[in-house]
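Below: the structure, in structure tokens.
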Amino acid sequence: MTVAPGASVRDAVAVLDRELADLVGRGVAYVTDGVGRPVDAGERVGEGGAIFRVVVSARQGPPRLTKQALRRWPKAELHVHLDGCLRPATMLELARAQGIRLPADTPDGLAQALYVKHAKSLEEYLTKYEVTLSVMQTAAALERIAYEFVLDAAADGLRYVEVRYSPLLHRPALTLARAIEAPLAGIKRGEAETGTKVGLIVCGIRTRAPAESLELARAAAGYRTAGVVAFDLAGAERGFPARDHAAAFAYAAQHGMACTCHAGEGDGPDSIHQALHQCGAQRIGHGTRLGEDPALLAYVIERKIPLEMCLTSNLHTHTVASLAEHPFKRYLDQGVVVTLNTDGRLVDGISLTDEYFVAQSVLGLTKADLARVVLNACESAFLPEFEKVALVSRVQSELEAL
Ligand SMILES: [Zn+2]
């Protein structure tokens, strides 16, 4: 089927089926691309041709917010990996300068090569990070990548973001101190230019020796007042229990750092239980499988423990079979403090705006729900109380002015 140049996705659907286009217009149906990611019906059809599907959903709601409108929304993000967010063009430049071979030599080719689509598991998903990390082994590269990350986050409407990475994965090229100072410098530069506030989270790695996690917590604690806000544990979850790294969490907490922990993504609710009760996590990274343990779910609601949820990433790692089956909306309705996050903009092929769009079009979140989710993220920030209050009231008044 051919449409006129400049035609929108909705126009293309109308050429095929006027009734279907009407359903899209009324928000009863939504359009996805060939791999099932929702697209904005107002977007233009690419000139090279594209595959679209129309999904008719049972939820009937008021007209939906466009991606353009959602991009202007003030937003905050708490769970995103620096090494999953590189600009492809920057990767190519860094690789050329450092004499490193990448799987493609154009920005688009590289974005395609690193986009996970459907990994078989969390473990396979993580292999994409080996490629990005290969060009991040100098202080200058880390500084630049962190700086560009802040610019991109600000352009996506983020007023506050906590970005994470593991300094352990930059050894032996850099010392832990250098590997922490370099992104902090890039962040400071980005913050000054954009006004977006940024916190840095350091991640221990589950598959590495617990002694390394402790070493990292010790190194990071020295930068607590310089921008490092929290300690996290990442990496393959199943078979690598968080409790093995409890000493690192304890050290971080005793030295004034906040703690979060990836859990309930590659493994079940017992992993979340360990993160909360044996490692003292104040937030949970993902927590997707929380609902499998109703008592733990009730506890998380009661204690208002925030979940850093990532819809598209969970689809890519097979934590959920489809976006429509994601428990995000159910948890929100049950009173869990849920937040929306990208996990990795490059590897998951999304922006935070896209993730809000997915929540709206696939899970049926209303405008009020989306605003609640934005405020949940602000209220769950690892910021000193007075700064958090300022962030919440700024974002709240911006939301009210929309
Ligand atoms: Zn993550």
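The values are calculated or read from the model by the stated rules, or taken from the named source; none is laboratory data. If you're wondering where the values come from, they're calculated on a predicted model, not measured in any experiment. In this analysis, Cβ positions are derived from the backbone assuming ideal geometry, glycine residues included, and neighbour counts consider all displayed protein chains. When the accessible area is computed, the model is the full protein with side chains, heavy atoms only, and any ligands, DNA or RNA have been set aside. Shrake-Rupley method; radii C 1.70, N 1.55, O 1.52, S 1.80 Å.
Under 5 Å from the amide H of GLY199 lie the amide H atoms of VAL161, GLU162, VAL163, each residue being 5 or more positions distant or on a separate chain, with H modelled from the backbone and absent for Pro and chain starts. Which stretch or stretches of segment 138-162 have amide N atoms under 13 Å from the point lying 7 Å from ARG189's Cα along the Cα→Cβ direction? What the label zone holds, given the 13 Å backbone N cut-off, is 139-151.
Residues in segment 66-198 average 39 Å² of solvent-accessible surface per residue, probe 1.4 Å, ligands and nucleic acids excluded.
Dividing the summed -39500 (n - 2.57) terms of all DSSP H runs of n ≥ 4 by the residue count of the chain sets its mean residue ellipticity at 222 nm at -13000 deg cm²/dmol. Taking all protein chains together, ASP11, ASP108 sort by accessible area into ASP108, ASP11, largest first [probe 1.4 Å]. Computed over every Cα-Cα pair of the chain and binned at 20 Å starting from 0, the pair-distance distribution P(r) comes out as 28, 59, 13, 0 percent.
Rolling a 1.4 angstrom probe over segment 312-402 with all protein chains present gives an accessible area of which 56% lies on carbon and sulfur atoms.
Among ALA371, ALA258, ALA14, the largest mean-square fluctuation in a Gaussian network model of the chain, built with springs joining Cα atoms closer than 10 Å, belongs to ALA14.
Given R₀ = 35 Å, FRET efficiency for ALA401-ALA250 by Cβ-Cβ distance, to 0.05?
E(calc), rounded to 0.05, equals 0.20.
Across segment 68-398, the relative contact order, built from alpha-carbon pairs under 8 Å that are at least six residues apart, equals 20 percent. Taking 0.36 nm per residue of separation and subtracting the Cα-Cα distance, full extension of the segment from ALA209 to ALA89 would add 39.7 nm. Amide H to amide H distances under 5 Å link HIS262 with LEU233, GLY285, where only residues 5 or more positions off or on other chains count and H is placed in the peptide plane.
Filter the cross-link list LYS197/LYS388; LYS67/LYS367; LYS329/LYS367; LYS329/LYS388; LYS67/LYS388 down to pairs whose alpha-carbon distance in this structure exceeds 18 Å. Listed pairs above 18 Å: LYS329/LYS388; LYS67/LYS388.
Model label sites at ALA295 and GLN112, defined 7 Å from Cα along the beta-carbon direction, differ in position by 5.2 nm. Sorted from greatest to least, the principal axis extents spanned by the alpha carbons of segment 236-344 come out as 40, 29, 24 Å.
For segment 130-192, the carbon plus sulfur part of the accessible surface works out to 62%, probe radius 1.4 Å. In whole percents, the pair-distance distribution calculated for segment 105-255 from its alpha-carbon pairs, binned every 10 Å from zero, is 11, 36, 38, 15, 1.
Other residues with beta-carbon under 14 Å from the beta-carbon of GLU123 carry, at +1 per Lys or Arg and -1 per Asp or Glu, a net charge of -1.
Length gained on full extension, GLU130 to ALA4: 41.1 nm, using 0.36 nm per residue less the C-alpha separation. Taking one quarter of the surface of the C-alpha convex hull of segment 240-298 gives a mean projected area of 3.7 nm².
For the peptides 353-364, 165-176, the ranking by packing is 353-364, 165-176, with the highest mean count of neighbouring Cβ atoms within 10 Å listed first. Multiplying the residue separation of GLN98 and ALA69 by 0.36 nm and removing their Cα-Cα distance gives an extension gain of 6.4 nm. Distance between the pseudo-spin-label points of ILE51 and ALA119 (7 Å out from Cα toward the beta carbon): 2.3 nm.
One-quarter of the Cα convex hull surface for segment 70-176, in nm²?
7.5
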